[in-house]
Amino acid sequence: MLIAQAFKFIIDKIYWTSPYRWLDEWLKHLENRPKLSRKNWEKVRQRRYLLAEIYFILWFGLAVLFLVFNQRLSVLLVYVSLLRIIGILNKELGVVLFGICKITEGKRVSSSGRVISNAFLNYITTGLLFAFVYSKFGLYQVNATVTASLTIQQAIIQSFSMHFTLSPAFVPANTFSWIFIIGQSIFCFIFGTIIISMFVSLLNLKPEQEKDK
């Protein structure tokens with residue numbers, strides 16, 4: 001229990017670093033007002049859902065823009081990208097393990113198709129963010145030569161190769177680059193387990209009744 005509570009505490013505190021949580025907490029406060037009518041409660045709840053989806057789509061758009069305007073952007077945005085990647089994984093872990101970091105708190109695994117759709121969008125977003133990281137940092141072997149960072153096209157191939165096969169398209173040429181590869185492998189393994197858990201939660205499995213002899 002102590003280990004589980006420690007994980008829950010850490011996940012909850014990391015979640016507070018997200019600007020989305022501060023906005024959602026304000027809407028949650030409005031939702032919990034005792035004199036709020038059922039109709040108005042539904043409106044606030046729908047706003048919370050909409051805010052979450054806008055936030056996910058916004059980050060997806062930012063990830064695309066990071067790659068489109070790659071040459072003009074500061075390398076410092078790599079750290080912003082890594083923080084967002086950690087934030088996504090942290091939120092999904094909170095949802096699956098403890099039923100926190102989500103709008104409908106309580107159940108450990110939500111059986112909502114909406115949750116799985118959002119998880120897939122976040123997975124693609126992290127793939128684009130990892131690509132941005134590869135385009136700014138690292139040494140990789142490309143066509144028998146070692147190159148500093150990767151082109152945008154190569155970075156996308158590298159990232160999504162890791163995302164869907166857990167195998168790098170371009171071999172890292174130093175320890176620092178291997179750290180990114182291993183880090184993405186860990187992310188994909190944990191996130192894949194989360195997705196499987198969500199799919200299982202959608203199944204309505206019931207034991208077959210024994211037939212009377």
Inset, instruction - Might you check whether a residue that is in contact with a Leu (Cβ under 7 Å, 6 or more places away or on another chain), at pLDDT below 95 and not hydrophobic (A, V, I, L, M, F, W, C) occurs anywhere in the range 65-77? - result: no
Legend entry - Test: residue in the range 127-146 that is assigned to a helix (DSSP H, G or I), out of contact with any Leu (no Cβ under 8 Å at 6 or more places or on another chain) and of a type in the set (S, T, N, Q): no
Inset, instruction - Output yes when any residue across the range 128-137 is within 20 Å of residue 65 (Cα to Cα), out of contact with any strand residue (DSSP E or B) (no Cβ under 8 Å at 6 or more places or on another chain) and either small (Gly, Ala, Ser) or free of Cβ contacts under 8 Å to residues at least 12 places away in the same chain (or both), and no when none is. - result: yes
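Residue-by-condition table, conditions (1) under 16 Å from residue 75 (Cβ atoms); (2) in contact with a helix residue (DSSP H, G or I) (Cβ under 8 Å, 6 or more places away or on another chain); (3) modelled with pLDDT under 90:
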position	(1), (2), (3)
131	yes, yes, no
141	no, no, no
148	yes, no, yes
155	yes, yes, no
158	no, yes, no
169	no, yes, no
Legend entry - Residue tally, condition of a type in the set (Ser, Thr, Tyr) and out of contact with any helix residue (DSSP H, G or I) (no Cβ under 9 Å at 6 or more places or on another chain), over the range 37-70: 1
Legend entry - Residue tally, condition surrounded by fewer than 17 Cβ atoms within 10 Å (Cβ to Cβ), of a type in the set (A, V, I, L, M) and under 22 Å from residue 92 (Cβ atoms), over the range 132-178: 1
Inset, instruction - Please state which of the following conditions residue 186 fails to meet, knowing it meets all the rest: (1) surrounded by 15 or more Cβ atoms within 10 Å (Cβ to Cβ); (2) at pLDDT 95 or above. - result: (1)
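The values are calculated or read from the model by the stated rules, or taken from the named source; none is laboratory data. Quantities reported herein were computed from a predicted structural model and do not represent experimental measurements. FYI the Cβ positions are ideal-geometry reconstructions off the backbone, even for glycines, and counts take in every protein chain you see.
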